[in-house]
Amino acid sequence: MGVILFAFLLLFFALGVPIAVSMGLASAVAIWYDGGTPLIVLAQRSFTSIDSFPLMAIPFFVLAGTLMEFGGISKRLVAFANALTGHFSGGLAIVTVVTSMFFAAISGSSAATTAALGSILIPAMISRGYHKNFSGAVQSVSGELGVIIPPSIPLILYGVATNTSIGDLFMAGMVPGLLIGLSLILTVVVIAKKRNYAKEQAKSGAELWKAFKESFLALLMPVIILGGIYGGVFTPTEAAGVAVLYSFLVGFLAYREIKLKQLYQVLLNSSITTAIIMFILASAGLFGWILTREGIPQLVAGFFMGISDNPIVFLLLINLFLLVVGMFMETNASIIILAPLLVPVAVQLGIDPVHFGIIMIVNLALGMCTPPLGINLFISAQIAKIRLEEITRGMIPFYLALLVTLLIITFVPQLSVGVPQLFK
């Protein structure tokens, strides 16, 4: 079954069939070929894989992100970040990174971060004389922070797939997310000075205070969500429900930008996004069940252990492997398929599963802004009205900065596990 499974999966990939459909069809063909397994298993295992309480956080966080976009939270975060950092070299590009960090602490989605902020900031950067490929690249690479800084949908999936504490994973993502954001800001400053990009006018203390007051409710949201999780007030799933209620109340009552007639579009947009994610999870769950049944995890473990039982060598190989996977596979599907295979090997080598989860997410997040399938690249290129090749050229210095940061995160585990350990 394992050979049939992977053979048809590659065939469907080659034919351009969407990943979720490819996994489902390959699984169906493998079960049919086996002959001894009733086809009803297709439905049973698909449903079982998404019948999980922690997964309820996904539709709530998606809905919260959509409400933020419609409710004016995004533009207020941009205004505050601009008042805070806009007067530095490459000010608007720094604003893009900083705002993405704020937005990531609320939305949990890379694509949502890129689309919601890119529609505001990419045209603004271009109008201020920034190159189009640079403007698109900054937003694309900043968008990946949406899946690293908590709350994060991929971190939720990793926790469910490997039975790892989602609260610990959220805490572990904070320092690596900030480190990545800092590396992007330094890269922006270096490029901006070299190209002599314009600075924004420095804001007075009164203007900075005004921007802070107007964005205070937006900035308070991640404090409530993450503080509630870490303080034991509610679970990550319950926190997602709180995020929806808070973003609606802020957008509807405080900022008064959400209109009742817009709720249908808000629910429609978030429902479509949620359905896509859940379809991927259902297909990946069925696919993973067949892998487990066929003993593929043991084969993978044996393969890596056969190369080396040195944790450093293993992590280097895993980084290389996941970087390639991220270029060709959707992040959520990659986590559901690969995490149950790789985590047991990592644990056997003495690597903390929380630390390994951060390594995995950071690698796959890089794939979101790497051709040929990087979703952030497509979104940013479309907004900037440039071709994929052009925006990819603008990404090169950011790739270098991210790879260096990835190595630091990989081989300094305290950056990831240090915060969770403080709360134990």
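The values are calculated or read from the model by the stated rules, or taken from the named source; none is laboratory data. Note that the structure is predicted; figures quoted are calculated from it, not measured. Positions of Cβ are backbone-derived with ideal geometry, glycine not excepted, and every protein chain shown enters the neighbour counts. Note: areas computed on protein heavy atoms with side chains; ligands, DNA, RNA excluded. Shrake-Rupley method; radii C 1.70, N 1.55, O 1.52, S 1.80 Å.
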Is it the case that some residue within the stretch 114-130 is surrounded by fewer than 19 Cβ atoms within 10 Å (Cβ to Cβ) and either touching a Gly at 6+ places or on another chain (Cβ under 7 Å) or of a type in the set (S, T, Y) (or both)?
-> yes
Among (1) under 24 Å from the mean Cα position of the chain (by Cα); (2) closer than 16 Å to A105 by Cα, where does F248 come up short?
-> (2)
Specify the residue that is farthest from the chain's Cα centre (by Cα); the eligible residues are those in the stretch 142-182 that are within 21 Å of N82 (Cβ to Cβ) and open to solvent by 20 Å² or more (accessible area, probe 1.4 Å).
-> L182
By my count, helices (runs of 4 or more DSSP H) wholly in the stretch 340-424 with at least 3 residues that are within 17 Å of V147 (Cβ to Cβ) are 353-367, 375-384, 388-411
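Free of Cβ contacts under 8 Å to residues at least 24 places away in the same chain, outside any helix (DSSP H, G or I) and under 26 Å from the mean Cα position of the chain (by Cα): does that describe G232? Walk me through how you get there before you give the answer.
Numbers: free of Cβ contacts under 8 Å to residues at least 24 places away in the same chain: yes; outside any helix (DSSP H, G or I): yes; under 26 Å from the mean Cα position of the chain (by Cα): yes.
The answer is yes for G232.
Restricting attention to the stretch 73-81, does a residue exist that is open to solvent by 40 Å² or more (accessible area, probe 1.4 Å) and at pLDDT below 80? First the steps, then the outcome.
Our first condition is that a residue be open to solvent by 40 Å² or more (accessible area, probe 1.4 Å); within the stretch 73-81, this holds for 75-76, 79.
From what is left, the residues that are at pLDDT below 80 are 75.
Yes: the stretch 73-81 contains one or more residues that are open to solvent by 40 Å² or more (accessible area, probe 1.4 Å) and at pLDDT below 80.
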Is there any pair with a first residue in the stretch 376-403 that is buried (at least 24 other Cβ atoms within 10 Å of the Cβ) and a second that is in a loop (DSSP other than H, G, I, E, B) whose Cβ atoms are under 6 Å apart and which are 6 or more apart or on different chains, and what are they?
-> N376/M368; N376/C369; L377/C369
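Working only within the stretch 26-37, note down all residues that are modelled with pLDDT under 85 and not small (G, A, S). Steps first, answer last, please.
The first filter runs over the stretch 26-37 and keeps only residues modelled with pLDDT under 85, leaving 34-37.
Within the stretch 26-37, D34, T37 meet the criteria.
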What pairs come up if the first residue lies in the stretch 254-265 and is within 17 Å of M221 (Cα to Cα), the second is surrounded by fewer than 12 Cβ atoms within 10 Å (Cβ to Cβ), and their beta carbons are under 6 Å apart, counting only those six or more places apart or on different chains?
-> none
Considering only residues of the stretch 317-349 that are open to solvent by 50 Å² or more (accessible area, probe 1.4 Å) and of a type in the set (V, I, T), which is nearest to F6 (Cα to Cα)?
-> V324
Consider M23 against the criteria (1) at pLDDT 85 or above; (2) within 24 Å of A161 (Cα to Cα): it satisfies all of them except one. Which criterion is unmet?
-> (1)
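Quick one: in the stretch 18-46, which of the residues that are under 17 Å from M278 (Cβ atoms) and either free of Cβ contacts under 8 Å to residues at least 12 places away in the same chain or of a type in the set (S, T, N, Q) (or both) is most open to solvent (accessible area, probe 1.4 Å)? Spell out how you get there, then give the answer.
From the stretch 18-46, those under 17 Å from M278 (Cβ atoms) are 18-24, 27, 42-46; that's our starting set.
Subsequent filtering for residues that are either free of Cβ contacts under 8 Å to residues at least 12 places away in the same chain or of a type in the set (S, T, N, Q) (or both) retains 18, 22, 27, 43-44, 46.
On the way: P18: 83, S22: 0, S27: 0, A43: 61, Q44: 103, S46: 28 Å².
Among them, the one singled out is Q44.
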Single residue of the stretch 84-104 satisfying the filter (open to solvent by less than 10 Å² (accessible area, probe 1.4 Å) and of a type in the set (A, V, I, L, M, F, W, C)) that is nearest to P150 (Cα to Cα) | A104
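Test of understanding: among K199, K194, K210, K203, which residue is of a type in the set (D, E, K, R), surrounded by 14 or more Cβ atoms within 10 Å (Cβ to Cβ) and part of a helix (DSSP H, G or I)? Reasoning before the result, please.
On the way: K199 fails: part of a helix (DSSP H, G or I); K194 fails: surrounded by 14 or more Cβ atoms within 10 Å (Cβ to Cβ); K203 fails: part of a helix (DSSP H, G or I).
Checking each option against the conditions leaves just K210.
Looking at the stretch 407-416 only, could you name the residues that are open to solvent by 10 Å² or more (accessible area, probe 1.4 Å) and touching a residue at least 60 places away in the same chain (Cβ under 8 Å)?
In the first step, residues of the stretch 407-416 are kept if they are open to solvent by 10 Å² or more (accessible area, probe 1.4 Å); the result is 407-408, 411-415.
If the condition is that a residue be open to solvent by 10 Å² or more (accessible area, probe 1.4 Å) and touching a residue at least 60 places away in the same chain (Cβ under 8 Å), then L407, I408, F411, P413, L415 are the ones that fit.
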Taking only the stretch 280-297 into account, find how many residues are surrounded by fewer than 19 Cβ atoms within 10 Å (Cβ to Cβ) and touching a Pro at 6+ places or on another chain (Cβ under 9 Å).
-> 2
